[in-house]
Amino acid sequence: MKRRTFLQGTLAASAAGLAVSAGLLTPGMVMAEGGGAFDAKSMEDALKVMALTPEDSGDVKIKAPEIAENGAVVPVTVTSGVAGTTVGKNHRRLRRLIQRSKHMSSIKLKASAKDGAVEVKALMTHPMETGQRKDKKTGELVPAHFIKEIIVTAGDKTVLTANWGGSVSKNPYLAFSYAGKAGDKVKLSWTDNKGEKDSAEADVA
């Protein structure tokens, strides 16, 4: 996939998600047509899915970089002057919608076999808040939010179970090996202390 195409798709999904967070769109509109705006490859495609016609307005502003240095993290912000909208109001619902999209999994998973062993590597996007850190703006404690359990299976066999806490750093990386072979299907699932879940699968190469 070309970098420009990837970034266009990322910005389209991010803009749609931020619009939900601001209250400008409903989740149903964004998730319409079985995949919705999160599957769009361009802003035009996202608007078409939601049956919306763009028009110039000074009330809603979306800010995004012309060039993203890191394609995995593209900062996009939205400000709204429309009455009855509040940016960030629906951030938990937005997170669930994003994770439901097949293009926005929180887990990057790879598995490779060598000499009778399978090496599994996983990078998980998660805040991993301890509950002891204070918000710099408000001075209040940031609520605890961390992955508490990880289960990895190969076929119908559990090859790893891990219980974590808030002491694990943000966006944790996990690597381990088990006795296996190429062709295995590895699945990693996590559950956090708020009940949120995610999973990813990979074929062993």
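Does the range 123-144 contain any residue that is under 14 Å from residue 200 (Cα atoms) and assigned to a strand (DSSP E or B)? Checked the range 123-144: at least one residue is under 14 Å from residue 200 (Cα atoms) and assigned to a strand (DSSP E or B).
Criterion first (acidic (Asp, Glu) and either within 24 Å of residue 114 (Cα to Cα) or at pLDDT 95 or above (or both)) does residue 184 satisfy it? Against the criterion (acidic (Asp, Glu) and either within 24 Å of residue 114 (Cα to Cα) or at pLDDT 95 or above (or both)), residue 184 qualifies.
Residue check: is residue 170 touching a helix residue (DSSP H, G or I) at 6+ places or on another chain (Cβ under 9 Å) and either at pLDDT below 95 or within 24 Å of residue 78 (Cβ to Cβ) (or both)? The answer is no for residue 170. Residues in the range 147-205 that are among the acidic types (Asp, Glu) and surrounded by 18 or more Cβ atoms within 10 Å (Cβ to Cβ): 184, 192, 198.
Table: residues versus (1) under 19 Å from the mean Cα position of the chain (by Cα); (2) part of a loop (DSSP other than H, G, I, E, B).
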| residue | (1), (2) |
| --- | --- |
| 148 | yes, no |
| 153 | no, no |
| 167 | no, yes |
| 181 | no, yes |
| 188 | yes, no |
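Close contacts from the range 127-151, counting a first residue that is among the polar types (S, T, N, Q) and a second that is loosely packed, with under 15 Cβ neighbours inside 10 Å, with Cβ to Cβ under 8 Å and a gap of 6+ residues or different chains, come to 130/167; 132/141.
The values are calculated or read from the model by the stated rules, or taken from the named source; none is laboratory data. None of the values given here were measured: they were computed from a predicted structure. Note that each Cβ is placed from the backbone with ideal geometry, even for glycine, and that neighbours are counted across all protein chains shown.
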